[in-house]
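J.: First the structure, which I've put down as structure tokens, then a few questions once you've had a look.
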Amino acid sequence: EADIYQTPRYLVIGTGKKITLECSQTMGHDKMYWYQQDPGMELHLIHYSYGVNSTEKGDLSSESTVSRIRTEHFPLTLESARPSHTSQYLCASSEFGRKRTDTQYFGPGTRLTVL
Amino acid sequence: GQQLNQSPQSMFIQEGEDVSMNCTSSSIFNTWLWYKQDPGEGPVLLIALYKAGELTSNGRLTAQFGITRKDSFLNISASIPSDVGIYFCAGKSGYGGSQGNLIFGKGTKLSVKP
């Protein structure tokens, strides 16, 4: 059973607002990820982290930023939200460096709508 | 970059039918994973495969890691209404750097026949 949490689950905001999507995991996993997914479509990796103070950009370019100050916490921030940011954002985590346990477990997602 | 081709894109099932879907890659993978996603939720891991030829079951679900290491199959036997959802395959070619990140297929949407 994966213990990874995302808040809020749903967010509707106006253009230009700054937002932070929260992601926390209690499994002690080193590696964490953020994906962007339009409804019913494939997942696109936008950020990942190998551990504390590590952040990397994913395959899909994103205007969002991330930070990793604590192992269990990996928040995503949009400084100025735009309608093009409307999407579902999924957080995931995995153990890093162990072959058979390096599988990703996902949170429930945050559905973001920017008006 | 690496791409996964997942098929079929969508399919309709009648309760009790068996279902098959597959993924193929343009390059060799060392890990294949199958996830199911319900509307408004995150993907849930169904089966993980780590060795070429490996055949693994999880209840009515069976998945195989292809011998060529470029494909994987998922079968669902005797489908039930709660099998409806989107199934994603995912794979990766390494453990370090960006090769340790998963590449996802575009999903197979399972719906119930009207």
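J.: What is the dipole size for the protein assembly as shown, taken about its Cα centre, with +1 at each Lys and Arg Cβ and -1 at each Asp and Glu Cβ, in debye to the nearest 20?
T.: 340 debye
J.: Which one, A:P39, A:P75, A:P83, has the greatest fluctuation when you compute a Gaussian network model over chain A with C-alpha springs under 10 angstrom?
T.: It is A:P39.
J.: Given the options B:G16, B:P43, B:F29, identify the residue whose Cα lies farthest towards the positive end of the charge dipole of region B:1-77 (+1 on Cβ of Lys, Arg; -1 on Cβ of Asp, Glu).
T.: Toward the positive end, the furthest listed residue is B:F29.
J.: Relative to the compact-globule scaling 2.2 N^0.38 Å, provide the ratio for the alpha-carbon radius of gyration of chain B. If you can, show how the numbers build up before the last one.
T.: Working: Rg = 13.7 Å, N = 114, 2.2 N^0.38 = 13.3 Å.
Against the compact-globule rule of thumb, the ratio is 1.03.
J.: Assign unit charges at the C-beta atoms only (+1 for Lys and Arg, -1 for Asp and Glu), then state the dipole size of region A:29-115 relative to its Cα centre in Debye, rounded to the nearest 20.
T.: Computed charge dipole of region A:29-115: roughly 200 debye.
J.: Extension gain A:M41-A:L60, at 0.36 nm per residue separation less the Cα-Cα distance, in nm? Mind showing how you got there, number by number?
T.: Values: separation 19, 0.36 × 19 = 6.84 nm, distance 1.41 nm.
Computed gain between A:M41 and A:L60 is 5.4 nm.
J.: For the pair A:T113 and A:Y5, what calculated FRET efficiency results from E = 1/(1 + (r/R0)^6), where r is the Cβ-Cβ distance and R0 = 22 Å, to the nearest 0.05?
T.: Approximately 0.60, to the nearest 0.05.
J.: Next question. Starting at the first residue of region A:27-35, write each ³J(HN,Hα) from the Karplus equation 6.51 cos²θ - 1.76 cosθ + 1.60 with θ = phi - 60°, in whole Hz, x for Gly and Pro.
T.: Each residue's phi maps through the Karplus curve to give 9, x, 5, 7, 9, 9, 9, 10, 10 Hz.
J.: Let me spell out the model: positive unit charges on the Cβ of Lys and Arg, negative unit charges on the Cβ of Asp and Glu, origin at the Cα centre of region B:1-98. What dipole size does that give, in debye rounded to 20? Please list the in-between numbers first.
T.: Values: 6 positive and 8 negative charges, 99 e Å.
Dipole about the Cα centre, nearest 20: 480 debye.
J.: Once you've got the GNM for chain A with C-alpha springs shorter than 10 Å, pick whichever of A:G51, A:G40, A:G16 has the biggest mean-square fluctuation.
T.: Among A:G51, A:G40, A:G16, the largest GNM mean-square fluctuation belongs to A:G40.
J.: Another question, then. Which aspartates and glutamates have a Cα lying under 17 Å from the Cα of B:K92, excluding residues fewer than 8 positions away in the same chain?
T.: By straight Cα distance, B:K92 reaches A:E42, A:D59, A:E95, A:D102, B:E54, B:D71.
J.: Something else: Nearest 0.05, what FRET efficiency do B:S26 and B:A52 give at R0 = 25 Å with Cβ-Cβ as r? Can you show the working numbers first?
T.: Details: r = 17 Å, r/R0 = 0.67.
Efficiency, from the Cβ-Cβ distance: 0.90.
J.: Over 23 Å between C-alpha atoms is what I'm after, so list which of B:K36/B:K113; A:K17/B:K109; A:K31/A:K57; A:K57/B:K106 land there. Write down the numbers at each step before the final one.
T.: Working: B:K36/B:K113 19 Å; A:K17/B:K109 34 Å; A:K31/A:K57 13 Å; A:K57/B:K106 21 Å.
The answer is A:K17/B:K109.
J.: To continue, here is another question. What is the calculated FRET efficiency for A:S84 to B:Q9, with r their C-beta to C-beta distance and R₀ = 22 Å, to the nearest 0.05? Provide the component values of the computation, followed by the final result.
T.: On the way: r = 25 Å, r/R0 = 1.14.
The calculated FRET efficiency here is 0.30.
J.: Mind telling me which of B:G59, B:G40, B:G85 comes out most flexible in a GNM of chain B, alpha-carbon contacts under 10 Å?
T.: B:G40
J.: In the protein assembly as shown, what percentage of the DSSP-assigned beta bridges are antiparallel, given to the nearest 5? Please list the in-between numbers first.
T.: Numbers: 66 of 74 bridges.
Among the beta bridges of the protein assembly as shown, antiparallel pairing accounts for roughly 90 percent.
We did not get these values from a lab; they are worked out from the coordinates using the rules stated. Since this is a predicted model, take the numbers as computed values, not measurements. Virtual Cβ from ideal backbone geometry, glycine too; neighbours counted across all protein chains shown.
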